[in-house]
Structures are given as structure tokens and as C-alpha cells.
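Asks: Okay, here's the structure, questions in a sec.
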Amino acid sequence: NTNGHVATGTVKIMEQGTVLVTFNLNKGATYYYLSGLSAGVHNLHAVYSGDAYNAAGTSPQVTLNVLPVPVKLSLSCWNTTSVYGPDFHCGAYTSSAAGAPRGSITYAYDSGASVTLPLANGSVNFTIPEPQVGTHTIVVKYAAQTNYAAATPQTQTFTVTPAPVIIQ
């Protein structure tokens, strides 16, 4: 506001030379909810276009740290006690306040090599073919990916008993 002249024109929010948004001033002011920034540190500044009465200008830089959204991971497995023969089935499910997390989960069966599976709408099903007799453990993990934080790993233990033998 210069000598009673309410500022008009545009304001651009910029990051490292890239315009993130441009909007028009309304009665010399504006409010804007900036969304869609990736997780990480962003250095932003505003650039005012100026008008016939008010000089153009640039604001000081503001540092904004966008945190990744927390992710909840759950694991659901069928028949945690079964006889030898059938496959063992599990489903891994992720959720967040920002919708279905993207990326993949990993699982390890009995401390073996990790297997990576892509998520579809935040979930994935997997099968352990004919696990041997004994007690087994599956550990499922969701590591930090894009704008999503790492989830707490989930562990499922299951037992396979010997198949009954019938002698005639």
C-alpha cells in the first residue's frame, strides 16, 4: 500500500527459479495453501509483479521442510497352524493420511533373501509354496519411498505340522 493505493498485480511463489504458483492479489493481500511439494527441504520466495503505484519486489527466502507422511503397515496371513502340503498365503496392506502409499514392500522368509513386491493400491498378496514342517517366520517391511515414511516392520510366525499318514 503506497500513499493509499492498494497493491494489485500478481505474486509468484518460486523455488530455485521455478514458478510453483501464480495468483492475483485481492485487496492487496492473498492467502494460498501450497500443496503437492515432495518430502524434503524447499527454499521458497515470493515475487511481486508491482503495479502503477507499488514497486515490484522479492521476499526473503523461506526454508520449508516437508516431512514424509507416516505409513501404517499391516500383515494378514491365513492358517498360521496347518499341516504340511498347502501353500502359505499372506497379504501386506499399507495406508497413510495421503492415500495409498506407492512403491513396494519386501519380505523375508525364515531369514532368507528379501523378496521385493510392488504395491497395487497400497497392498500386495504373496505365497510361500509348500513350507516345510516346523516353525517359520515372515518379516515384511515398507522402506521410506518418495513422499512416504518407512513403516514399522511386521512379523508373522506360523507352524506347519506333519501331514497325517494313514496305513491300511
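The values are calculated or read from the model by the stated rules, or taken from the named source; none is laboratory data. The structure displayed is predicted, hence computed values, not measured ones. Cβ: placed from backbone, ideal geometry, glycine included. Neighbour counts: every protein chain shown. All accessible areas refer to the heavy atoms of the entire protein, side chains included, with ligands and DNA or RNA removed. Shrake-Rupley method; radii C 1.70, N 1.55, O 1.52, S 1.80 Å.
Asks: Pick from segment 79-104 the residues that are hydroxyl-bearing (Ser, Thr, Tyr) and more than 15 Å from the chain's Cα centre (by Cα): which of them is surrounded by the most Cβ atoms within 10 Å (Cβ to Cβ)?
Replies: Taking the candidates together, the pick is Ser82.
Asks: In segment 105-143, what residues are farther than 30 Å from Pro162 by Cα and either in a loop (DSSP other than H, G, I, E, B) or open to solvent by less than 30 Å² (accessible area, probe 1.4 Å) (or both)?
Replies: Ile105, Leu119, Asn121, Gly122, Tyr142, Ala143
Asks: Let me ask something additional. Residues Thr127, Thr152, Thr135, Thr161: which one is touching a Ser or Thr at 6+ places or on another chain (Cβ under 6 Å) and among the β-branched types (Val, Ile, Thr)?
Replies: Thr135
Asks: Okay, moving on. Would you list the strands (runs of 3 or more DSSP E) that sit entirely within segment 1-97 and hold 1 or more residues that are in contact with a Phe, Trp or Tyr (Cβ under 8 Å, 6 or more places away or on another chain) and of a type in the set (A, V, I, L, M, F, W, C)?
Replies: Where strands (runs of 3 or more DSSP E) fall fully within segment 1-97 and carry at least 1 residues being in contact with a Phe, Trp or Tyr (Cβ under 8 Å, 6 or more places away or on another chain) and of a type in the set (A, V, I, L, M, F, W, C), they are 10-15, 18-24, 71-77, 88-96.
Asks: Starting from segment 65-80, keep only residues that are over 13 Å from Pro101 (Cα atoms), then list their pairs with residues that are among the small types (Gly, Ala, Ser) whose Cβ atoms are within a distance under 7 Å, requiring at least 6 positions of separation or different chains.
Replies: Partner pairs satisfying both residue conditions: Val66/Ser38; Val66/Ala39; Val66/Gly40; Leu67/Ala39; Leu75/Ala92; Ser76/Gly91.
Asks: Ok, one more. Output the residues belonging to segment 6-55 that are among the aromatic types (Phe, Trp, Tyr), closer than 30 Å to Ala150 by Cα and surrounded by 16 or more Cβ atoms within 10 Å (Cβ to Cβ).
Replies: Once the filter is applied, which keeps residues that are among the aromatic types (Phe, Trp, Tyr), closer than 30 Å to Ala150 by Cα and surrounded by 16 or more Cβ atoms within 10 Å (Cβ to Cβ), segment 6-55 yields nothing.
Asks: Separate question: Let me confirm something: among Pro131, Pro153, which residue is modelled with pLDDT of 95 or more and over 21 Å from the mean Cα position of the chain (by Cα)?
Replies: That would be Pro131, the only listed residue that is modelled with pLDDT of 95 or more and over 21 Å from the mean Cα position of the chain (by Cα).
Asks: Test each condition in (1) under 16 Å from Pro70 (Cα atoms); (2) open to solvent by 30 Å² or more (accessible area, probe 1.4 Å) for Gln156 and report the one that comes out false.
Replies: For Gln156, the exception is condition (1).
Asks: Could you look through segment 64-76, keep only residues that are at pLDDT below 95 and over 10 Å from the mean Cα position of the chain (by Cα), and pick out the one that is farthest from Pro153 (Cα to Cα)?
Replies: Here the answer is Leu64.
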